[in-house]
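A.B. asks: Have a look at this one before I ask anything.
The values are calculated or read from the model by the stated rules, or taken from the named source; none is laboratory data. Because the structure is predicted, anything quoted here is derived from the model rather than measured. Every residue, glycine as well, gets a Cβ built from its backbone with ideal geometry; the counts of neighbours run over all protein chains shown. Just so you know, the surface numbers come from the protein's heavy atoms only, side chains and all, with ligands and any DNA or RNA stripped out. Shrake-Rupley method; radii C 1.70, N 1.55, O 1.52, S 1.80 Å.
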Amino acid sequence: MITEIPVELSILSAGYCLHPERLTLRGGTLKPVAFPAGYALIRHPEYGPILFDTGYSARFFQETASLPASLYRKITPVVYREEESAVRRLQAGGISPEEVRYVVLSHFHADHIGGVRDFPQAQYIYLQKSYDAVSGLGPVRATKAGFLPGLLPEDFRLRSIPVDEASAKRALPQGLPFSEAYDLLGDGSLLAVELSGHAAGMIGVFVSTGEHDYLLCADTVWSSRAFRENRKPHLAAGLIMSSRTEYHRNFERLRQLHEQFPKLRIVPSHCREALAHWGTGSVT
């Protein structure tokens, strides 16, 4: 195992958006295809249910009802049903919203933070630079950055526990293209690595179930085909990246991981294939 304490893992999605595939995958079709808004439920033996992102919620439509945020919805059409929300899925699996103690936020794009208000007792774990990159933006620039501040609760800062980048580091096993990770809970169970490029300060998280190792890699790529077939996104995708250089560096790291550790399950948040293979469809 890459991590030290096994957890239970459910890979889920809450709604999806439509994009031309070619924007996310060189040589892909120009037809719009569905990209699920994936998230994960991690059941920790001590800390209970933990979320990695949340996908969309109905609040997304409220926050994009008027300009300039309505441009977000027009450029990226979203399909969503209320029963798909993270809070509804957890409730259907016997988990109340109040039981969720932590929500790990890979980054602050709306399709990842859409449901955070639904968990009133949760504390939020993220890299400070990720929040800093969007928190001071005005309405137009925030929309361009994919950030809808109204999706966050009013007490977001009070309930936040940003990663202590100076002291939370832990060495990773030799051979991985990352030398160290952030130990999010201090017990070796959730090990986060910075995957900036798509968004500043974006993180992915290594977790293990005992049977399989996973890397929840957020939006480092939009599909497994990208790193498997070495197909980077269209140049136009660079317009929404925080750093093309960092994006390409972390894209190559995923390729190395896949080639050197083919049994590692790399899970991009928007990959239909990963969701079909390893997703549960419901909380188990």
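A.B. asks: Among the residues in the range 110-128, are any in contact with a His (Cβ under 9 Å, 6 or more places away or on another chain), free of Cβ contacts under 8 Å to residues at least 40 places away in the same chain and closer than 17 Å to residue 59 by Cβ?
C.D. replies: The answer is no, given that none of the residues of the range 110-128 is in contact with a His (Cβ under 9 Å, 6 or more places away or on another chain), free of Cβ contacts under 8 Å to residues at least 40 places away in the same chain and closer than 17 Å to residue 59 by Cβ.
A.B. asks: Is it the case that the range 140-162 has a residue that's in contact (Cβ under 8 Å) with a residue 24 or more places away in the chain and either acidic (Asp, Glu) or closer than 20 Å to residue 257 by Cα (or both)?
C.D. replies: No, the range 140-162 contains no residue that is in contact (Cβ under 8 Å) with a residue 24 or more places away in the chain and either acidic (Asp, Glu) or closer than 20 Å to residue 257 by Cα (or both).
A.B. asks: Within the set of pairs 6+ apart or on separate chains, which have a first residue in the range 202-216 that is in contact (Cβ under 8 Å) with a residue 60 or more places away in the chain, a second that is acidic (Asp, Glu) and open to solvent by 10 Å² or more (accessible area, probe 1.4 Å), and C-beta atoms under 6 Å apart?
C.D. replies: Filtered contacts from the range 202-216: 203/194.
A.B. asks: Is it true that some residue in the range 228-239 is under 17 Å from the mean Cα position of the chain (by Cα), on the phi < 0 side of the Ramachandran plot and assigned to a helix (DSSP H, G or I)?
C.D. replies: Looking through the range 228-239, none of the residues is under 17 Å from the mean Cα position of the chain (by Cα), on the phi < 0 side of the Ramachandran plot and assigned to a helix (DSSP H, G or I).
A.B. asks: Right, something else. If I go through the range 152-209 residue by residue, how many of them are outside any strand (DSSP E or B) and of a type in the set (Phe, Trp, Tyr)?
C.D. replies: Qualifying residue count for the region: 2.
A.B. asks: Let me ask you something else. Contact list please: Cβ distance under 6 Å, first residue in the range 163-176 and closer than 19 Å to residue 106 by Cα, second residue of a type in the set (D, E, K, R) and open to solvent by less than 80 Å² (accessible area, probe 1.4 Å), pairs at least six apart or on different chains.
C.D. replies: 168/183; 170/183
A.B. asks: For the range 123-140, does any single residue satisfy the condition of being modelled with pLDDT of 95 or more, hydroxyl-bearing (Ser, Thr, Tyr), in contact with a Pro (Cβ under 9 Å, 6 or more places away or on another chain) and in a loop (DSSP other than H, G, I, E, B)?
C.D. replies: Yes, there is a match, as at least one residue in the range 123-140 is modelled with pLDDT of 95 or more, hydroxyl-bearing (Ser, Thr, Tyr), in contact with a Pro (Cβ under 9 Å, 6 or more places away or on another chain) and in a loop (DSSP other than H, G, I, E, B).
This table checks each residue for (1) open to solvent by 30 Å² or more (accessible area, probe 1.4 Å); (2) at pLDDT 95 or above; (3) closer than 20 Å to residue 266 by Cβ; (4) touching a strand residue (DSSP E or B) at 6+ places or on another chain (Cβ under 6 Å).
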position	(1), (2), (3), (4)
164	yes, no, no, no
179	yes, no, yes, no
182	no, yes, yes, yes
190	no, yes, yes, yes
200	yes, yes, no, no
203	no, yes, yes, yes
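Residue-wise test of (1) surrounded by 18 or more Cβ atoms within 10 Å (Cβ to Cβ); (2) at pLDDT below 95; (3) of a type in the set (Ser, Thr, Tyr); (4) assigned to a helix (DSSP H, G or I).
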residue: 214; (1), (2), (3), (4): yes, no, yes, no
residue: 242; (1), (2), (3), (4): yes, yes, yes, no
residue: 252; (1), (2), (3), (4): no, no, no, yes
residue: 257; (1), (2), (3), (4): yes, no, no, yes
residue: 267; (1), (2), (3), (4): yes, no, no, no
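A.B. asks: Next question, about the same structure. For the range 216-227, what are the residues that are of a type in the set (Ser, Thr, Tyr) and assigned to a loop (DSSP other than H, G, I, E, B)?
C.D. replies: 220, 223, listed by residue number.
A.B. asks: Can you report the number of residues in the range 227-240 which are open to solvent by 30 Å² or more (accessible area, probe 1.4 Å) and of a type in the set (A, V, I, L, M, F, W, C)?
C.D. replies: Summing the residues that are open to solvent by 30 Å² or more (accessible area, probe 1.4 Å) and of a type in the set (A, V, I, L, M, F, W, C) in the range 227-240 gives 4.
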